[in-house]
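The values are calculated or read from the model by the stated rules, or taken from the named source; none is laboratory data. The structure presented is a predicted model; accordingly, all values stated were derived computationally and were not measured. Note: ideal-geometry Cβ built from the backbone for every residue, glycine included; neighbour counts use all protein chains shown. Note: areas computed on protein heavy atoms with side chains; ligands, DNA, RNA excluded. Shrake-Rupley method; radii C 1.70, N 1.55, O 1.52, S 1.80 Å.
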Amino acid sequence: MFNPKLFIEEALDYLRRIYGSIDCAIACVSGGVDSVTAAIIAEMALENEVVPVFIDTGLMRFGEAEAVRNALSGLINLKIYDYSDSIVSNLSELSDAEEKRRVFRDLFYSAVSDIARRHGCSYVIQGTTKADVVETIGGVKTQHNVLTQELLLKYGVKTVEPLRNLYKDQVRALAHHLGVPSSIIKRQPFPGPGLLIRAVGRFNRDKLELVRSATKVVDERLSGCSYSQYFPAAWEYDVVSEGCLDGNLFKVFSVKTTGVVGGSRVYGHPVLVEGFDERDAFKLYEQFDAVRHPHTLVSLASRDGGRYFIAIRIVETEDYVTASVPVVERGLLLELAEELLENPEVRAVGYDVTPKPPATIEYE
Ligand code: XMP
């Protein structure tokens, strides 16, 4: 059983012994519970200056930088740095999920090292958790914040990661013990690469803005619900093949999305099944080969015209290493789909009915 008090005692002791004499450090804070908790622990342990910074990557949700600063006021005095233009333009036209993550990581840590240099610091505090490390080392996905020694040398920074041995539920218990506001503890996890990995497939500003506005719609509709994580993702409505399953038509998209089968990463085409009520669809994913089709979705609404498909993803999970799909009130999903279809760029909306494994929570 995780004991936050004991963890804090041991972590402070360890951090003081190892990092007690460092000059200063910047703490990368995204506003999520991991990075906020890591910054607080580091501030408690280190005598020298800790500068909390928020990097605007341009891949955040509407108004995110200011919302995070306001949510943390009185707790953390956040400095905001805007790198959005250079990060978004350098990612444009990349398609492959792993390449998008690698290039993002390079751009992000170039910004981190630039900011650290400006503050005369060589250390960076970040909220890497055990799930990030396990999944990167296990080859499921390259989490942007898991750096090798070689990469650390390249960016000229050293990292301090007080939460590297904790899973999300333990970080939440720790945050609660430290008095972190519940609005931060309950905040939806938002991946470091942000909307980059929710603008699935070839990345461009159009798709980024589409997914950003869809995120606003989904957040407004679902913010009162207690699901562990919910978000939309968008990709081109480009169908490569069709088939029939028990009298129901299904379509296979040309885009590729990620999954995890037998502990390893797979990368295949999502399928969309028509005419299936999502309340009866929880075993539907078993009908498809997960290696070739890691995500199975059921259609909620569609119309003629529009270039993009929007996937609604809702999951329940404790540790984010496995996840299930909840039964959501049908009326709510249909209303959400209709609202998303109001954007003329959107041709169809579906609900993802695949647990993790075999799908991952995100699509890339
Ligand atoms: P997956 O898609 O791997 O997601 O099943 C598990 C949890 O991790 C989040 N996630 C990330 N968080 N950097 C992060 O900080 C990343 O690169 C990243 N990729 C996924 C995801 O949102 C979910 O909560």
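In this structure PHE190 has an accessible area near 40 Å², from a 1.4 Å probe over the protein heavy atoms. Working from label points 7 Å from Cα in the Cα-to-Cβ sense, the TYR14 to PHE62 distance is 4.2 nm. Close Lys pairs in the stretch 4-185 (alpha-carbon distance under 18 Å; sequence gap of 8 or more, or different chains): 5. Could you list log10 I(q)/I(0) for the stretch 213-278 at q = 0.13 Å⁻¹, which the Debye formula gives when each Cα is one point scatterer? For the requested q values the scattering log ratios are -0.56.
Pairs of C-alpha atoms in the chain farther apart than 27 Å represent 47 percent of all such pairs.
Just so you know, the Rg over Rh for the stretch 198-352 is 0.93, from Cα atoms, with Rh as the Kirkwood radius. Summing +1 for each Lys or Arg and -1 for each Asp or Glu among the other residues whose beta-carbon sits under 11 angstrom from that of THR317 gives -2. Assuming a ≥ b ≥ c are the square roots of the Cα gyration tensor eigenvalues, decide whether the stretch 264-305 counts as rounded (a/c under 1.5), prolate (otherwise, with a/b larger than b/c) or oblate. Since a/c reaches 1.5 but b/c is at least a/b, the shape of the stretch 264-305 is classed as oblate. Carbon-plus-sulfur accessible fraction, the chain (probe radius 1.4 Å, protein heavy atoms only): 48%.
Computed with a 1.4 Å probe over protein heavy atoms only, the accessible area of THR322 comes to about 70 Å². Over the stretch 282-364, all Cα pairs binned in 10 Å intervals from 0 give whole-percent P(r) values of 18, 45, 32, 5, listed from short to long.
The percentage of C-alpha pairs in the stretch 1-41 whose separation is greater than 10 Å is 76%. The calculated 222 nm mean residue ellipticity attributable to helices in the chain amounts to -10500 deg cm²/dmol, summing -39500 (n - 2.57) over DSSP H runs of n ≥ 4 and dividing by all residues.
Provide the net charge surrounding ARG164, with neighbours chosen by a C-beta distance below 12 Å and charges set as Lys +1, Arg +1, Asp -1, Glu -1. Summing Lys/Arg as +1 and Asp/Glu as -1 gives -2. Applying a 4.7 Å cutoff between beta carbons, the unpaired cysteines of the chain are CYS28, CYS225, CYS244. Estimated from the Cβ-Cβ distance and a Förster radius of 25 angstrom, the FRET efficiency linking SER264 and ARG205 is about 0.15. In this simple spin-label approximation, SER324 and GLU93 carry label points 7 Å from Cα along the Cα→Cβ vector, and these lie 4.6 nm apart. Within the straight-line cut-off of under 19 Å between alpha carbons, the lysines reachable from LYS216 are LYS186, LYS207, sequence neighbours fewer than 8 places apart in one chain being disregarded. Average accessible surface for the chain: 42 Å² per residue, computed with a 1.4 Å probe over protein heavy atoms with every protein chain in place. Cα centroid separation, the stretch 27-63 to the stretch 244-286: 37 Å.
Look at the dipole of the chain built from charges on Cβ: of SER182, HIS144, PHE276, the Cα furthest out on the positive end belongs to HIS144.
What shape does the stretch 1-123 take by its C-alpha gyration tensor, where a ≥ b ≥ c are the square roots of the eigenvalues and a/c under 1.5 counts as rounded, a/b above b/c as prolate, and the rest as oblate? Prolate is the answer for the stretch 1-123, as a/c is 1.5 or above and a/b outweighs b/c.
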